[in-house]
Amino acid sequence: MTARGRAALKTAVWLVALVPLAHLVWGWWTDDLTVNPIEYVTRQLGETAIRLLLATLALTPIRLLFGVSWPITLRRLLGLFAFFYVTLHFAVWIVLDHFFDWRTMGDDIAKRPWITVGVTAFLLLVPLAATSTTGMIKRLGGATWRRLHQLIYVAGVLGVLHYIWLAKKVLVQPWVYAVLLATLLGIRAWATARKLSARWIVLGSRG
Ligand code: HEM
């Protein structure tokens, strides 16, 4: 893909990823955030975060299945947008839900497992966002950086679990995300298994 094509693609991602935020800002401006604005905003931000997280996780399976590698150039941007929305989601909970009352937040985290799981997912994403620059990849070394960034799978699983749990297992939507995530992880596992078995065959034929 040409440099111009890549730039156009990234601009498109910026525009699409900012739509949910623009929608919320517009809703606030026109006083149209439903009768329970805090809950509405929290849910919209959470929903956007999980979608972007899954989109980030979909890029490698797309390469594995269809042999196209250009979507990989969007991985960092999509991952950072996912982190941006999770941070806003968390910030709304801290500022608007709890008004910085650290004691009630601590109680909430300790007593409601779906909150514990959400906070853990957020904390796992922090080092990934912090090491997303090219400079950090060089400083950590490719192998260590890749190993660290595998935490995104755990964060994805915990993010979906958070949704399933808070929805008390009755909503369909979180299960749709769970199936999507399982499919994406399954494709990666299948590719890894194939690579390993090919290596064993080569080693076996040598020995
Ligand atoms: C990777 C991290 C996270 C992801 C992917 C995520 C995702 C989601 C999703 C998809 C929803 C449901 C949206 C809907 O109903 O349409 C949600 C709801 C919610 N999340 Fe998170 N979340 C994360 C972290 C957190 C954290 C750190 C907190 C706060 C400690 C939190 C607090 C909440 C709350 C209060 C709700 C609304 C529950 C309700 O409907 O009453 N989440 N989140």
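Just so it is clear, none of the values below were taken in a lab; they were calculated from the coordinates. Just so it is clear, the model here is predicted, and its values are computed rather than measured. Cβ placement follows ideal geometry from the backbone for every residue including glycine, while neighbour counts extend to all protein chains displayed.
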| request: Compute the signed sum of charges (Lys and Arg +1, Asp and Glu -1) over the other residues within less than 15 Å, Cβ to Cβ, of residue 109. | output: -1
| Magnitude of the charge dipole, segment 48-151, Cβ model with Lys/Arg +1 and Asp/Glu -1, debye to 20 | 560 debye
| Ellipsoid equivalent to the chain - semi-axes via the Cα gyration tensor, in Å | 34, 21, 17
| message | Taking the beta-carbon count within 10 Å as an exposure proxy, list 197, 132 from fewest neighbours to most. | response | 197, 132
| Order of 145, 14 under a 10 Å beta carbon neighbour criterion, fewest first | 14, 145
| note | When the charge dipole of the chain is computed with +1 on Lys and Arg Cβ and -1 on Asp and Glu Cβ about the Cα centre, the Cα farthest towards its positive end, among 120, 94, 29, belongs to 120
| field | Relative contact order [Cα under 8 Å, 6+ residues apart], the chain, whole percent | value | 20 percent
| field | Within the chain: Cβ-based charge dipole about Cα centre, in debye rounded to nearest 20 (Lys, Arg +1; Asp, Glu -1) | value | 1500 debye
| remark: Placing one equal point scatterer on each C-alpha of segment 54-112 and summing with Debye, one gets log10 I(q)/I(0) at q = 0.19 Å⁻¹ equal to -0.71
| query | In what sequence do 153, 177 fall when counting other Cβ within 10 Å, fewest first? | reply | 153, 177
